[in-house]
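A quick write-up on the structure given underneath.
Derivation of every value follows stated rules applied to the coordinates shown; laboratory data play no part. Source: prediction; values computed, not measured. Ideal geometry is used to build each Cβ from the backbone, glycine not excepted, and the neighbour counts take in all protein chains shown.
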């Protein structure tokens, strides 16, 4: 199964692709490490983000989009641009998208700790949360 994990920060979508086969993971190359929504209030900008993400999902034959859950209220609440990007990701045709609970993620990473060097995987520091989201999603105890 190929997962595209997304960590939304302000007006950026940080991306990581992860292939999972019987709890063995690999991180394939991806042409985009982050995609920016330059003008969240402009329809053209949102449509461009949708086209860009749809093409990436199609080209890399992604089976599932996993979006890291963000708070909706309080000091650490996500931005309006982030929630627009989340909606766009959920509307991409031909692929399932899921908002992955932070609590489930923390519990899964506690049971299945990930100890890898991001640089060795070819990832940047800003992709760490997306990578951990993908690993936790693929390791979670499914019912």
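Indicate, rounded to the nearest 5 percent, the antiparallel portion of the DSSP beta bridges found entirely in the chain.
Antiparallel bridges make up about 60 percent of those DSSP assigns within the chain.
How tilted is helix 43-59 with respect to the longest principal axis of the chain? Cα atoms for both, answer in degrees (0 to 90, nearest 10).
With both axes taken from Cα atoms, the answer is about 30 degrees.
Suppose a student asked you for the relative contact order of the chain, using Cα pairs under 8 Å spaced at least 6 residues apart; what percent would you report?
It comes to 31 percent, rounded to a whole number.
So, by mean Cβ neighbours within 10 angstrom, what's the order for 2-15, 108-121, 79-92 with the highest one leading?
Result, highest mean Cβ count within 10 Å first: 2-15, 79-92, 108-121.
So how do 20-31, 40-51 stack up, highest first, on mean other-Cβ count within 10 Å?
Sorting 20-31, 40-51 by mean packing, highest first, produces 40-51, 20-31.
Could you work out the helix-only [θ] at 222 nm for the chain, with each DSSP H run of four or more residues adding -39,500 (n - 2.57) and the total divided by the number of residues, to the nearest 500 deg cm²/dmol?
It comes out at -11000 deg cm²/dmol, rounded to the nearest 500.
Taking Rh as the Kirkwood radius, which is the inverse of the mean 1/r over Cα pairs, what is the Rg/Rh value for the chain?
0.95
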